[in-house]
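Beneath this line is the structure, given in structure tokens, with notes to follow.
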Amino acid sequence: MRAKPQPAAADLYVSTHARLGRTPARPLTGEESRLRTAYRLCHRITRVHDPGIHALFQLVPAALRPACWALWAAASVLDDLADQRDVDPAEREARVKAWSQALQRDLAAGTSTDLVRHALVDTALRWRLDLPDLQGAVSSTVGDVRDRRFADWAEWRAWCEALVPWVDHVRHLFEQAGAPMTLRLDRHRDYKQFIDGAQLTDILTDLSADLAHGLLLLPQEALDPFPDAEEDLRHRRWSPAVAALIAELTDLARQWVTRPAMTTGMHPGAANMLDTAACLLRAQLDAVDAGPALLKRPPRLSVVTRTRIFAPARLRAGLAWSLTPLTVPGPRRPEVTAHVPRPAAENTARRTPPPHPGGARPPQIAADQMPAHVAVIMDGNGRWAQQRGLPRPEGHHAGTAAVHEIVCGALDIGLRHLTVYAFSTENWKRDTDEITTILEAIRHDLDEGPLRDLDVRQRWLGHPDKLPQELVQALQRAERRTHTRAGLTLTMCINYGGRDEITRTAAALAQAARAGDIDPHHISEDDFARHLPHPDMPDVDLLWRTGGEQRTSNFLPWYATYAELHFTPAYWPDVDRRDLWQAITEYSRRQRRHGAAPLVSPKSTDRSPRPI
């Protein structure tokens, strides 16, 4: 059974692409016929290039499949451009970049002369997909052209993350259609490991083809425990070392793709797709672990195995989607959507922060005296409003403008990390109207605010429990849309509590110990840090609180252990970027010791006790 689209959406997209091969109800125009041909080509590319992915796409509602084909066909085309081994590497790299640049122009024009890009442009406009993060995937593809090598699993995972946008765009389709593939925040680690497992399974499956082209896309850290395995692999020799390496890697991939809790609370149709993908990957790993034939040809699943996996999955999908009303959008032009990336030159101009209204310029701070990470407790919004005879919620609207100012100031001065305390776990005790105002202001600013166009990577730290689903989705969209930006990392703490974060991290560490992934007798601070929600977030150098209060209020206790504290009396809506610059200037004058004795000049006559 298939979900029936809303009557208002029964346009060309549904009537001709969701039912490919049938006679259309009316004659098609030239443009409609060309679009139909474009989606058919994407369908064929997906089916031939990735049979397993094609089968998984059969589990999504029929109205979503053409968009899935377009996304995956584009990824396949880029992969093929990078993998043309009879073409010089420099030429392959140039072709990948040219294809990407042409896509940017096509998105601005709303059409393309290339059929795959034509379908992708229609999909991006119709479903309001943000594609600037495509550049990350393109960069990864260019790296493959250059025969990429990885020193350790961390480098390998960074490469895998560049491929995540293709998967996240499929998740965005579900969200736009009204059946979000929403992940609980405490399951994002499971999701990332699932993606790692899928990528490792793909590498093991394609090992023979990659080796034939001189590629070995495994980290050196995985190869080192098996002496001679790398040399044997590069000469395509099956040996005891190779057998042991493959056995360990397939076991590791099985652990990564077996994440049953990842789909907890998810729509049953979306959960069915991910659960089926996990079954498919485990079956593929069984085929990988079959011995010497792995180095001669890619292992393939039998028809019996595929039927065993997909037959019940199709039945579950039919039932789940038949009970779900879906929203299928009509075609859009680029001028009516705010989510279409503009040409590269225009993007550069749009991502320059506006100057301070009074013309103030940031102070010159030496690089070794700049904080890497500033955290801000934005206190005083409600009191600012009451002081002016306004309802407390009005202070939060004014506070949003102050956030924009501080972000611009951070970009001006070259700050790398800024974390703001937007809504704590204790804030639920406030008046319902005030809570609603705060959360709705955050959601609106994420989707429509000026930070969208700045070179800011946005991240979320907190927990989804009790938050409106629309806000959670907006936060996740912002993370996906901006994850390749490098100017400033802005982390918004929403429904966040420091003790809650530490408690959940300790629970994750206990689960890892119970699973045998870590020795409980040798747990270190680094082990704990790796299980935090954002393990790559640096320690806080400067913690600034406005509003006259002098406490840290359960804010970033793990990260702020050695932070310099800076308290100012002004309410948050009254601050601007000059206050941030002043805080950083004060920080640059402080001597940070982290428990060491202070440096004393030999000529100093100061005999006061040395602080610890």
Where q = 0.18, 0.20 Å⁻¹, what log10 of I(q)/I(0) comes from the Debye formula for the range 180-323, counting one point per Cα? -1.02, -1.15
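Can you work out the FRET efficiency for the pair Gln84 and Ser553, with r the C-beta to C-beta distance and R0 = 51 Å, to the nearest 0.05?
Working: r = 57 Å, r/R0 = 1.12.
Rounded to the nearest 0.05, the efficiency is 0.35.
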Can you tell which of Gly382, Thr437, Pro450 lies farthest toward the positive end of the dipole of the range 351-589, using +1 and -1 charges on the Cβ of basic and acidic side chains (Lys, Arg; Asp, Glu)? Pro450
Alpha-carbon centroid distance for the pair the range 208-233 / the range 409-435, whole angstrom: 46
Give the span of the range 351-589's Cα atoms along each principal axis, as three whole-Å numbers ordered largest to smallest. 58, 46, 35
What are the ³J(HN,Hα) values, in whole Hz, obtained from phi via the Karplus relation 6.51 cos²θ - 1.76 cosθ + 1.60 with θ = phi - 60°, for each residue of the range 404-416 in sequence order, with x given for Gly and Pro? 4, 4, 5, 5, 4, x, 5, 5, 4, 8, x, 5, 8
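Going by how many other Cβ atoms sit within 10 Å of their own, how do Tyr559, Tyr587 line up, fewest first? List each step's numbers first, then the result.
Details: Tyr559 25, Tyr587 20.
Ordered from fewest to most neighbouring Cβ atoms within 10 Å, Tyr559, Tyr587 come out as Tyr587, Tyr559.
Expected output is a single nm value to one decimal: the length gained when fully extending between Ala154 and Arg383, i.e. 0.36 nm times separation in residues minus the C-alpha distance. What is it?
On the way: separation 229, 0.36 × 229 = 82.44 nm, distance 4.57 nm.
Full extension from Ala154 to Arg383 adds 77.9 nm.
Determine the relative contact order of the range 351-589: mean sequence separation of Cα pairs under 8 Å and six or more apart, normalised by residue count, in whole percent. Before the final figure, lay out the partial values.
Values: 381 pairs, mean separation 73.3, N = 239.
Rounded, it is 31 percent for the range 351-589.
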Could you calculate the contour length gain from Arg308 to Ile502, that is, 0.36 nm times the residue separation minus the distance between their Cα atoms, to one decimal place in nm? 65.6 nm
Could you check the simple spin-label distance between Thr113 and Leu323, using points 7 Å along Cα→Cβ, in nm with one decimal? 5.1
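Show me the ranking of peptides 311-317, 540-546 by mean Cβ neighbours inside 10 Å, starting with the highest. Spell out each step's value before the answer.
Numbers: 311-317: 15.9, 540-546: 24.0.
Ranking, from highest mean packing down: 540-546, 311-317.
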Taking r as the C-beta separation of Gln511 and Arg361 and R0 as 35 Å, the FRET efficiency to the nearest 0.05 is 0.10
Placing each pseudo-label 7 Å from Cα in the direction of the beta carbon, Thr561 and Glu426 end up separated by a distance in nanometres of 2.2
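Estimate the FRET efficiency between Glu470 and Gln369 by the formula 1/(1 + (r/R0)^6), using the beta-carbon distance for r and 35 Å for R0, to the nearest 0.05.
Numbers: r = 42 Å, r/R0 = 1.20.
The formula returns an efficiency of 0.25 here.
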With x for Gly and Pro, the residue-by-residue ³J(HN,Hα) of the range 498-512, computed from phi through the Karplus equation 6.51 cos²θ - 1.76 cosθ + 1.60 at θ = phi - 60° and given in whole Hz, is x, 5, 4, 4, 5, 4, 5, 5, 4, 5, 5, 5, 5, 5, 5
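Report, to two decimal places, the Cα Rg of the range 390-453 normalised by 2.2 N^0.38 Å (N = number of residues). It would help to have the intermediate numbers written out before the result.
Values: Rg = 13.0 Å, N = 64, 2.2 N^0.38 = 10.7 Å.
Compared with the compact-globule rule of thumb, the range 390-453 sits at 1.22.
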Considering only Ala261, Gln220, Leu294, whose Cα is most displaced toward the positive end of the charge dipole of the range 180-323, charges sitting on Cβ of Lys, Arg (+1) and Asp, Glu (-1)? Ala261
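Coordinate-derived values only; no laboratory data. This one's a predicted model, so the numbers in the text were calculated from it and none came from an experiment. A quick note on method: Cβ atoms are made from the backbone with ideal geometry, for glycine too, and the neighbour counts reach across all protein chains shown.
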